[in-house]
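The values are calculated or read from the model by the stated rules, or taken from the named source; none is laboratory data. Bear in mind that the values here come from a model prediction, so they are computed numbers and not experimental data. Cβ atoms come from the backbone with ideal geometry, glycine included; neighbour counts cover every protein chain shown. Ligands, DNA and RNA are excluded from the accessible area calculation, which covers all protein heavy atoms including side chains. Shrake-Rupley method; radii C 1.70, N 1.55, O 1.52, S 1.80 Å.
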Amino acid sequence: MPKDTTLFSLLDRELVRQRTGIELIASENFTSLAVMQAMGSVATNKYAEGYPGKRYYGGCEIIDEIETLAIERLKKVFGASWANVQPHSGAQANTAVFLACLKPGDPILGLDLSMGGHLTHGSPANYSGKHYRAFFYGVHKETGLINYEQLEETARREKPKLIICGASAYSRDWDYKRIRAVADEVGALVLADIAHPAGLIATGVLNDPLDHCHIVTSTTHKTLRGPRGGLIMLRHDFDNPLGAKDPKGNIRSMSAALDLAVFPGMQGGPLEHVIAAKAVAFGEILEDGFKQYTQQVVANAQAMASAFVSRDYHLISGGTDNHLMLIDLRNKNITGKKAQEVLDQAHITLNKNAVPFDDKSPFVTSGIRIGVPAITTRGLRETDMENIVAMIDEVLTHADQPEVVAAVREHVQTMMQQFPLYPELS
Ligand code: DSN
């Protein structure tokens, strides 16, 4: 069969784009070649509805070993007692938790999307906000830190069934113990969505939510550096408060309820090629070197944050504990949208982002979000962060001068040649 040159030339162009640019989208990373090989493997051909040892199709004996390997490695990475690696994404993982723990119309409490939260934490635009009664907490205006007092007051007033912690654009660590305390007081479960900082949690660089939060979800492609996908974990299993009974009349544990929520509750056949790639990524996390990577991520983020502050950029919360930072550009007289667009022209990729108490629409925004997991994987270090900030500053302060932007683009390309990406690929 002739090669599909149309499609594969697009992939070649995407490889060149990734190689030549500076990737600062906080939710992106570069997987190993082995992760990509597993994802592009024969496992994509197999239907395996069900779970290892309990499938609806024949021929699943090797797939069972693959999925079991992914589960066991993941449990080891986080010290979990149970895991489900089938969610196709972080959003699917969260939806499965809702399905297992809530009835339609139940109250939930999450971080407001406009304050750094996530769509699936109750946004009216999302399933979570349409099917459940969503309440929100935010961050303090002065400090940019989570407003735990507001979280507690809202929990006491609205009695949510589920409190969700975790964010898409929050640069500080979380006080999981404090959230669990109020949850116990009002009879709520706590879900920690650690999609962003999961890799940093896995290596002990950030607080561990698994002891305090009943359920933990994540994506696998951000700081965990795996394929695109989701997962759910428990460290301590417990009886599902819904009290759903299994066919023998026993009360289902939360782990059993979550398994049933993922399949058949919400998904069909699992993406076993992606699960194979998850197994590879979890294996890489267990190897020496991953902890060093996550420590370097934080060192790079902090170096970058300091460089921005020294150039009079306003960082929400003043800095970062993790892999990302959120910058309010209002004192720089440029919107997030314009900043994203002009930096794109310089091959510096990031995303516009609402900042807390933003006065602009989510399509324009006053801010940008920057993350360093991808460039840290490429081998960039603290001094490179200062150079990148200088280039970003040059572009943002000359946004209407194409010749300045073009000069920065050349500089970006020259710089990134020193950090080869997938040299094995032609
Ligand atoms: N889209 C992801 C992010 O960029 O944070 C969250 O789903």
Item checked: L326 open to solvent by less than 10 Å² (accessible area, probe 1.4 Å), out of contact with any Asp or Glu (no Cβ under 8 Å at 6 or more places or on another chain) and of a type in the set (A, V, I, L, M) -> yes
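Take segment 173-194 and flag every residue that is of a type in the set (D, E, K, R) and within 16 Å of the ligand (Cβ to nearest atom).
Answer for segment 173-194, where residues must be of a type in the set (D, E, K, R) and within 16 Å of the ligand (Cβ to nearest atom): just D193.
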Check: Would it be correct to say that L231 is buried (at least 24 other Cβ atoms within 10 Å of the Cβ) and within 16 Å of the ligand (Cβ to nearest atom)?
Finding: yes
Note to self: With the requirement that a residue be of a type in the set (A, V, I, L, M, F, W, C) and away from the ligand (no atom under 14 Å from the Cβ), what does segment 93-114 give you?
What the structure shows: A96, V97, F98, L99, A100, C101, L102, I108, L109
Next item on the list: Output the number of residues of segment 68-91 satisfying the condition of being more than 16 Å from the ligand (Cβ to nearest atom) and open to solvent by less than 10 Å² (accessible area, probe 1.4 Å).
Entry: 6
Notebook entry, point to check: For residues in segment 32-67 being of a type in the set (A, V, I, L, M, F, W, C) and open to solvent by 100 Å² or more (accessible area, probe 1.4 Å), which is nearest to Q18 (Cα to Cα)?
Noted result: V42
Checklist line | In segment 9-28, residue farthest from Q345 (Cα to Cα) [restricted to those that are charged (D, E, K, R) and within 16 Å of the ligand (Cβ to nearest atom)] | finding: E28
Next item on the list: Report yes if Q340 is part of a helix (DSSP H, G or I) and open to solvent by 50 Å² or more (accessible area, probe 1.4 Å), otherwise no.
Entry: no
Next item on the list: Specify which of the listed residues (L74, L69, L102) is closer than 23 Å to D211 by Cα and more than 22 Å from the chain's Cα centre (by Cα).
Entry: L102
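Go through segment 278-320 and give me each residue that's in a loop (DSSP other than H, G, I, E, B) and open to solvent by 50 Å² or more (accessible area, probe 1.4 Å).
Listed by number, the residues that qualify are E287, D288, R311, D312.
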